[in-house]
Amino acid sequence: MEQPANLQTQTTKPQPKAPTGQLRKAWADLWKMKALYIMLIPCLIWYFIFKYLPMYGLIISFKDYNFSEGILGSPWAEPWNKHFTMFFHSPYFSQLMTNTLLISLYKLLFGMFPAIILAVMFFECRVSWLKRWVQTLSYMPHFLSWIVIYGISIAFLSETTGLINRWITEAGWNAVPFLNSTQWFRSILVSTEIWKDLGWGAIIYLAAISGIDPTLFEAAKVDGASRLRMIWHITLPGIRNVIVLLLILRIGSILDAGFEQVFVFYHTRVYEVGDIIDTWVYRTGLEQMNFSLGATVGLFKSAIGFVLVLGANKLAKKWGGSIW
């Protein structure tokens, strides 16, 4: 007895398709961009060696580490959170957290917008030779070390021999201790970092602006839009994802207030406003050979940064931009 056609259709199970087509397409795409992946290999190796392998050393956060016994041979700390408690109950903890967060937030708030503005100015500039010269001069300080920048700061801001203080004293006022004053120290840190990284940060935004569809600007010109209107409605929305991406990355490293810069600029007179977590770890962990405490603080910073990145990315999704 023959079954109805519709019954045969219902009882026949569809055979799963072999993923060979997808694999071939993925391999073809990989082979097509093989040069880029080959260039990426050294970066991946560097990250693996210097970022992932050192994670093994986080074990000493829960041990009383010493050189003679090594990481595995060192005894476990009793209790296990001994070094965490030591850091959190330190009399300097609140001061360190306050200084670190304030310096990082100041750099984040006052350092991001000037780079965006400079990138827009470069894009809108129609004098090519002026654009090239200003762009070159603006990102050259990025390649200077903080030692050199500190020397430049002394030449301009020194209380006795600084050029600015000479102008101030010649005008009949008292010299200002820019580098030795708790009132000025954070401002000096923020302003010198902005000057150092302004042009370099503008390159990223300028590249993003260059990727905007030029037909949008042409259509806006036809409609009679001014340059300010095009910047507000086309340029800035066009780089919104890049702005959000860089913002998320900087929020994730908000507890890194710039160890090298602060270490070069600070001294005992400005510890109250300039001593951050990393400089305290350097004095306590390296100079006093307390490596377990240093690793503990590093683990604490990484955990906080991880949570901040997740939170910032979730919040950024509401604005239409995120990392993943």
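Values quoted throughout were computed directly from the atomic coordinates according to the rules given, and no laboratory measurement underlies them. Keep in mind that this is a model prediction, so the values were computed, not measured. Every residue, glycine as well, gets a Cβ built from its backbone with ideal geometry; the counts of neighbours run over all protein chains shown.
Below, the figures for the structure above:
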| quantity | calculated |
| --- | --- |
| C-alpha center-to-center spacing [segment 95-131, segment 28-60] in angstrom | 30 |
| For the chain, calculated [θ]222 nm from helices alone, where every DSSP H run of n ≥ 4 adds -39500 (n - 2.57) | -19500 deg cm²/dmol |
| Structure-derived mean projected area of the Cα convex hull in nm²: which label, when the choices are (i) 15.4; (ii) 18.2; (iii) 32.1 | (iii) |
| Extended-chain gain in nm, criterion 0.36 nm per residue less alpha-carbon gap, residue 220 and residue 140 | 25.3 nm |
| Spatial extent of segment 169-257: Rg and Dmax, with the Cα atoms as the point set, Å | 20.0, 58 |
| Quarter of the Cα convex hull surface for segment 93-133, i.e. its orientation-mean projected area (nm²) | 3.4 |
| Unsatisfied cross-links (Cα-Cα over 22 Å) in the set 107/318; 82/301; 51/107 | 107/318; 51/107 |
| Cα-based shape type of segment 58-165, given that a ≥ b ≥ c are square roots of the gyration tensor eigenvalues and the cut on a/c is 1.5 | prolate |
| Span-like helix ranges in the chain, DSSP H, alpha carbon extent 24 angstrom or more, Kyte mean at least 0.0 | 93-124, 185-210, 291-317 |
| Largest-first principal axis extents, alpha carbons of segment 93-274, Å | 60, 43, 28 |
| Chymotrypsin sites (Phe, Trp or Tyr not before Pro) restricted to segment 74-136 and DSSP loop, no more than 16 other C-beta within 10 Å | 80, 92 |
| Under 12 Å, Cβ to Cβ, from residue 112 - net charge with Lys/Arg +1 and Asp/Glu -1 | 0 |
| DSSP-loop chymotrypsin sites (Phe, Trp or Tyr not before Pro) across segment 170-275, with at most 10 other Cβ within 10 angstrom | 173 |
| DSSP loop trypsin sites (Lys or Arg not before Pro) with at most 16 other Cβ within 10 Å: longest gap in the chain | 127-317 |
